[in-house]
Structure formats: structure tokens, C-alpha cells
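K.L.:
Take this structure, written in C-alpha cells, and hold onto it; I'll ask about it next.
Readers should treat all values here as calculations from the given coordinates under stated rules, not as data from a laboratory. These numbers were taken from a predicted model, which means no experiment stands behind them. Glycine gets a Cβ as well: all are built from the backbone with ideal geometry, and neighbour counts include every protein chain shown.
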Ligand code: GTR
């Protein structure tokens with residue numbers, strides 16, 4: 001009896017030591033993705049999962065769950081932070097309420113274009129965001145393109161800020177966007193991405209805002225026939241790993257995962273450029289009227305109170321904003 005107990009205890013202790021090792025047990029990694037099959041982010045995230053599964057010889061078996069079937073983005077961010085999910089492609093918009101530093105990236109008209117955004121995010125300033133995220137349980141390994149977001153709606157072309165007045169506009173879950181739409185005189189409605197199509201269709205909302213590929217792949221273009229190029233937001237997206245999952249990797253596997261994230265971002269950015277043009281064409285072919293907003297500065301100047309409120313609440317981030325704006 002005593003011997004049995006001893007053997008049992010030894011076996012348990014052995015198992016604990018064994019499972020605490022970083023490479024002996026295959027890990028099944030679950031990845032969250034909001035987009036459908038064929039979307040640039042989906043293709044890139046699937047490449048990432050395949051590459052780490054192959055290169056770790058199956059020590060990490062990664063699977064991507066597409067179309068947001070594992071839940072809404074705000075929920076998925078929480079689940080990745082607490083290790084219930086292992087990796088994801090997240091937009092920095094819904095990250096802001098959890099990691100205040102990332103709100104800098106949601107300030108309207110912050111970036112002048114995708115090239116500047118990539119330069120910022122791939123360099124020292126991008127690292128600051130990664131450091132802030134890492135303190136909150138998320139390891140960000142590379143940055144995707146997400147184009148620029150513009151307003152679309154079911155009513156009319158938006159040419160000047162006054163045209164937004166009174167419109168119910170869906171925004172991502174972040175108070176900054178509520179302030180942004182408020183300043184244009186609209187009625188901001190934070191809502192999960194997956195609910196937007198039905199809400200447009202049933203006139204619960206009049207419009208939303210997004211880049212061309214999301215406008216098209218979500219079928220919002222079938223219902224919202226006016227897309228107005230305001231380009232008010234250029235928001236990067238990450239490949240993020242749950243800190244708990246990252247910490248469980250050996251040095252060798254971390255190197256593999258990091259390299260796979262960097263090459264996935266390269267793929268995504270290439271596919272993004274092509275898809276953006278295709279999505280715009282598809283929407284226009286179905287009758288969507290796309291209009292250039294001639295005087296963007298009218299929209300920009302309305303955003304001064306949004307900046308003022310944000311910087312008053314986060315004075316230490318003013319330097320981050322200035323550093324981004326002075327990156328050419
Ligand atoms: C897309 C983005 C998604 C999600 C969505 C939204 O452009 O890639 O992660 O944030 O917009 O509007 O909710």
C-alpha cells in the first residue's frame with residue numbers, strides 16, 4: 001500500500017515535471033479570425049498556422065477558426081488575454097478600451113497613408129504598442145494592412161460633415177469612435193461586426209464605416225449603396241499570441257512562430273493591395289456610388305475636440321502622437 005502510494009506520487013510528480021517542459025507535449029492552438037475564406041487576412045493567418053505546425057514538427061498544431069465563429073472581437077481579445085484562445089488577427093480599434101495606449105491608433109486622420117503607418121508600426125513606435133500589449137497578456141508579432149476606413153450608408157453620398165448629421169452610424173466598440181461620429185453630428189451606434197449587415201437591412205442603422213474589402217466581403221455593399229471616401233481611419237491590425245501560449249514555447253519554437261508571423265504579414269499586405277481594388281470594383285458593379293470627398297479638411301477640423309479630450313485624459317501619449325505625425 002505504502003509502495004503504491006509512493007509510486008503514485010512519483011508518477012504524478014513526474015507528469016507535472018513532464019507537462020511543465022516546453023516541447024514534449026503537442027499543443028493544440030486555436031486561432032480567432034473574424035473574416036471569411038479567401039479574405040487576405042484569412043489566407044495569411046492560415047499560412048501562419050500551417051507554417052508553425054509544419055516547422056515545429058507538430059509540437060504546435062495551429063487551427064484557424066474563420067468568420068468570427070469563436071465570438072465577437074471584444075470577447076476574443078479577452079479570451080486571448082486569458083489564454084482561452086491562443087492566437088488571432090485583431091484590429092487595434094476594439095483593443096483601445098482594454099489597452100489605452102493603442103487608442104492612439106484610433107485617432108482620426110492620424111496617419112497620412114498606409115506607407116507611413118507601416119513605417120511607424122514596423123519601427124520603434126510600433127514596438128511601444130507591442131510592449132503595452134504584452135503587459136496586458138498579448139504578444140503582437142507583426143502588423144497587417146487594413147487600408148483606410150470610409151463612411152457608407154443607405155441614404156445619400158456624404159460630401160461634407162453636415163451630411164452625416166442625424167445618421168445612425170455603426171462604429172466598432174470604442175468611445176473614441178462615438179466621439180468622432182458625434183463631432184460630425186451623427187448618432188454613433190457601437191455594434192459587433194457580425195450584426196451590421198442585418199442592422200443595415202432592417203434600418204436599425206443608416207450606415208457604418210470600413211475599408212473596401214470588409215465593405216464587400218461582409219455584403220454590406222448589397223444594402224448600403226453610398227460609399228464616400230473620407231479615409232478618416234487607418235488602423236493597423238496584429239497577429240497576436242496569448243502571452244500564456246507564448247510563454248509555454250521553447251526558444252526554438254518562439255523563433256519559428258515569430259518568423260511565420262512576419263512572413264504572414266508580408267503575404268497579407270500583398271494580397272491586401274490587390275483585394276482592395278477588386279472589392280471596390282465589385283461594389284461599384286453592383287450599383288454602389290463611390291464618391292471622392294473633395295474637402296477632407298472640413299472633416300479633419302471637426303476632430304480637434306476628439307484629440308483634445310483624448311490627450312487631456314492621456315497626457316503621456318501626446319508624445320506618441322507627435323512621434324507618429326513627424327514620421328515621414
Ligand atoms: C474590419 C477589421 C475587423 C473588424 C471590422 C469591424 O476592417 O478587419 O477586424 O474590426 O473591420 O468593423 O468590426
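K.L.:
Obtain the nm distance between the two label points defined at residue 187 and residue 219 by a simple spin-label model: each point lies 7 Å from its Cα along the Cα-to-C-beta direction.
P.N.:
My value for the distance between the label points is 2.6 nm.
K.L.:
Another question about this same structure. At 222 nm, what value in deg cm²/dmol follows for the chain if DSSP H runs of at least 4 each add -39500 (n - 2.57) and the sum is divided by all its residues, to the nearest 500?
P.N.:
For the chain, the value works out to -14000 deg cm²/dmol.
K.L.:
Please state the shape class of the range 16-138: rounded when a/c is under 1.5, otherwise prolate if a/b exceeds b/c and oblate if not, all from the C-alpha gyration tensor.
P.N.:
Since a/c reaches 1.5 and a/b is larger than b/c, the shape of the range 16-138 is classed as prolate.
K.L.:
I would also like to ask the following. Could you give the angle, 0 to 90 degrees to the nearest 10, between helix 251-285's Cα long axis and the longest principal axis of the Cα atoms of the chain?
P.N.:
30 degrees
K.L.:
Kindly express, to the nearest 10 degrees and within the range 0 to 90, the angle between helix 124-135's C-alpha long axis and the longest C-alpha principal axis of the chain.
P.N.:
Here the helix axis deviates by roughly 60 degrees.
K.L.:
Now a separate question. For the range 77-221, what Kirkwood radius comes out of the mean inverse Cα-Cα distance, in Å?
P.N.:
It is 16.4 Å.
K.L.:
If you don't mind, there's one more thing I want to ask. Tilt of helix 304-313 relative to the longest C-alpha principal axis of the chain, in degrees (0 to 90, nearest 10)?
P.N.:
30 degrees
K.L.:
Still on this model: What's the percent breakdown of Cα-Cα distances in the chain across 10 Å bins, shortest bin first?
P.N.:
6, 25, 32, 21, 9, 4, 2, 1, 0
K.L.:
Distances over 16 Å make up what percent of all Cα-Cα pairs in the range 167-272?
P.N.:
Roughly 67 percent, once rounded to a whole number.
K.L.:
Hey, another quick one. Modelling each spin label as a point 7 Å along the Cα-to-Cβ direction, I'd like the residue 197/residue 159 distance in nm, to one decimal.
P.N.:
The two pseudo-label positions are separated by 3.3 nm.
K.L.:
Among 175-182, 118-125, how do they line up by average Cβ neighbours within 10 Å per residue, starting with the highest?
P.N.:
175-182, 118-125
K.L.:
What's the ranking of 234-246, 253-265, 289-301, 187-199 by average number of surrounding C-beta atoms within 10 Å, highest first?
P.N.:
Going from most to least packed, we get 234-246, 253-265, 187-199, 289-301.
K.L.:
Here is a follow-up. Quote the relative contact order of the chain in percent (integer), defining contacts as alpha-carbon pairs under 8 Å separated by 6+ residues.
P.N.:
24 percent
K.L.:
On the principal axes of its Cα set, how long, how wide and how thick is the range 218-293? Give whole Å, largest value first.
P.N.:
53, 22, 21
K.L.:
Using a cut-off of under 20 Å, list every residue of the range 82-117 whose amide N is near the label point 7 Å from the Cα of residue 296 along the Cα-to-beta-carbon line.
P.N.:
Hits in the range 82-117 for residue 296 at 20 Å: 92-93, 104-117.
K.L.:
Order these peptides, 103-112, 52-61, by their mean beta-carbon neighbour count within 10 angstrom, highest first.
P.N.:
So the peptides 103-112, 52-61, ranked by packing, come out 103-112, 52-61.
K.L.:
So if R0 is 22 Å, what FRET efficiency would residue 78 and residue 127 give, r being the distance between their Cβ atoms, rounded to the nearest 0.05?
P.N.:
That pair, residue 78 with residue 127, gives E of 0.40.
K.L.:
State, to one decimal in nm, how far the label point of residue 304 lies from the label point of residue 65, with both points 7 Å from Cα in the Cβ direction.
P.N.:
Here the modelled spin labels are 4.8 nm apart.
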